[in-house]
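Here is the structure we will look at.
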Amino acid sequence: GIVAQTGAGFSLLILTGLLRSVSRAVDLIMAHFGSSRDPEVKMRLGKSSCSPTIAGLVLEHLCPAIQILLEDGLRDHNLDFIIGQRRNHSWNVVEISTRTGTPTDGTISIGI
């Protein structure tokens, strides 16, 4: 990943940039919901069928920022007993983080 390939000072700068991208996306979403104090209006603001803006904010800003953050430092490939080498994706992080068991069981296998 980006952080693993650079010096410590520079990697901290890059990691800070990745976190700022997530923070900016969250700020945009919060501003979207902040346009009203009425709980019913806020519910409609959160439904993409009523407010397409929220879908755009999540899909165009939040998801890419989180994906880049998750992929940083992730091994390119993982060895699988059945199919051999398979490509790692950020979705693997999500899948493993939702499993029950020891917290480090899955993270070691995907290279976090």
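Any read-out appearing in this document is the output of simple, stated calculations on the displayed coordinates, not a laboratory observation. Keep in mind that what you see is a predicted model, and the values were worked out from it rather than measured. Here the Cβ is made from the backbone with ideal geometry for all residues, glycine too, and neighbour counts use every protein chain on show.
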| task | Could you sort 54-67, 27-40 so that the peptide with the highest average Cβ count within 10 Å comes first and the rest follow in order? | result | 54-67, 27-40
| message | Can you compute the FRET efficiency between S23 and A55 using 1/(1 + (r/R0)^6), with r the Cβ-Cβ distance and R0 = 22 Å? Round to the nearest 0.05. | response | 0.65
| said: Between L12 and S48, what's the calculated FRET efficiency when r is the beta-carbon distance and R0 is 30 Å? Round to 0.05. | reply: 0.25
